1. What chymotrypsin sites (Phe, Trp or Tyr not before Pro) in the stretch 147-177 are in a loop by DSSP, with at most 13 other Cβ atoms within 10 Å of the Cβ?
2. Quickly rank 54-66, 84-96 as a protection proxy: mean count of other C-beta atoms within 10 Å, highest first.
3. Which GluC sites (Glu not before Pro) from the stretch 138-203 combine a DSSP loop assignment with at most 11 other Cβ atoms within 10 Å?
4. Which value in nm describes the separation of the simple spin-label points at I83 and Q28, placed 7 Å from the Cα toward the beta carbon?
5. Extension gain A101-H185, at 0.36 nm per residue separation less the Cα-Cα distance, in nm?
6. Would you mind counting up the charge near T93? Only other residues with Cβ under 13 Å from its Cβ, with Lys and Arg at +1 and Asp and Glu at -1.
7. List every residue whose amide H lies under 5 Å from the amide H of V163, counting only residues 5 or more places away in sequence or on a different chain, with H placed 1.01 Å from N in the peptide plane.
8. In whole Hz, what ³J(HN,Hα) sequence does the stretch 84-91 give by Karplus (6.51, -1.76, 1.60; θ = phi - 60°), x for Gly and Pro?
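Since every read-out is calculated from the coordinates, none of them should be taken as a lab result. No experiment lies behind these values; they were computed from the predicted model shown. Neighbour counts are summed over all protein chains in view; Cβ atoms, including those assigned to glycine, are modelled from backbone coordinates with ideal geometry.
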Amino acid sequence: TARGRPLASQRWLTRQINDPHVHEARKQGYRSRAAFKLIQLDERFRLLKPGMRVLDLGAAPGGWTQVAAARAGSSGAVVAVDILPMAPMAGVTVLELDFLAADAEQKVLDALGGPVDIVLSDMAPSATGHKQTDHLRIMALCETAADFAVRVLAPGGAFVCKVWQGGTESGLLAGLKRRFAQVRHAKPDASRKESAETYLVATGFKG
């Protein structure tokens with residue numbers, strides 16, 4: 001491989017260099033190109049409003065958090081949770097913890113000052129390169145995030161989670177449809193066309 005770089009690394013670097021969303025993210029000061037995915041989801045579904053209490057799971061490096069904080073405004077509250085360190089952000093409470101920890105739920109509610117209006121999750125496990133295994137892992141992560149969301153959401157709240165296109169999600173969809181008024185799939189234009197990622201958008205939490 002050129003200059004000792006693995007082939008996969010070379011492909012990633014080439015993709016980054018040629019990606020207009022990467023350049024635009026740098027230009028606008030976003031921490032990651034993923035910010036545009038949430039912007040596009042919000043434009044379609046009107047998810048984020050001033051004064052909202054927002055929880056961003058697996059937030060690092062903070063692209064989604066930046067968008068949420070801007071749209072919730074000074075009257076809102078945003079908590080970013082990740083097991084990885086995340087640089088501080090104005091108007092945001094950053095919690096470096098595992099949301100599966102026994103005390104995570106209470107810490108989130110305390111930080112937000114009450115039940116959550118929307119739970120965001122752009123989390124994805126490290127890829128193994130085996131398509132079926134990776135699909136199962138990301139679905140398990142989304143199911144865990146959904147379980148956490150229904151414990152902290154206020155009635156009428158929303159849940160947004162990254163999944164991968166494919167089967168084995170019927171159980172997750174059935175569970176969300178029981179708890180939310182509407183559940184839809186969406187793939188924002190900022191998601192790379194070759195990526196299997198898509199998003200579940202559940203609105204109108206029934207409590």
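1. Working: sites: F148, F159, W164; in loops: none.
Listed in order of number, the matching sites amount to none.
2. Numbers: 54-66: 25.2, 84-96: 14.2.
Averaged packing, sorted descending, gives the order 54-66, 84-96.
3. On the way: sites: E143, E169, E194, E197; in loops: E169, E194.
Passing both the DSSP loop test and the Cβ count: E194.
4. 3.1 nm
5. Details: separation 84, 0.36 × 84 = 30.24 nm, distance 2.89 nm.
Going from the current span to full extension adds 27.4 nm.
6. On the way: positive: R53, K107; negative: D56, D82, E96, D110.
Charge balance near T93 sits at -2.
7. Amide H neighbours of V163, under 5 Å, 5+ apart: T198, Y199, L200.
8. Listing the rounded values in order: 8, x, 9, 4, x, 9, 4, x Hz.
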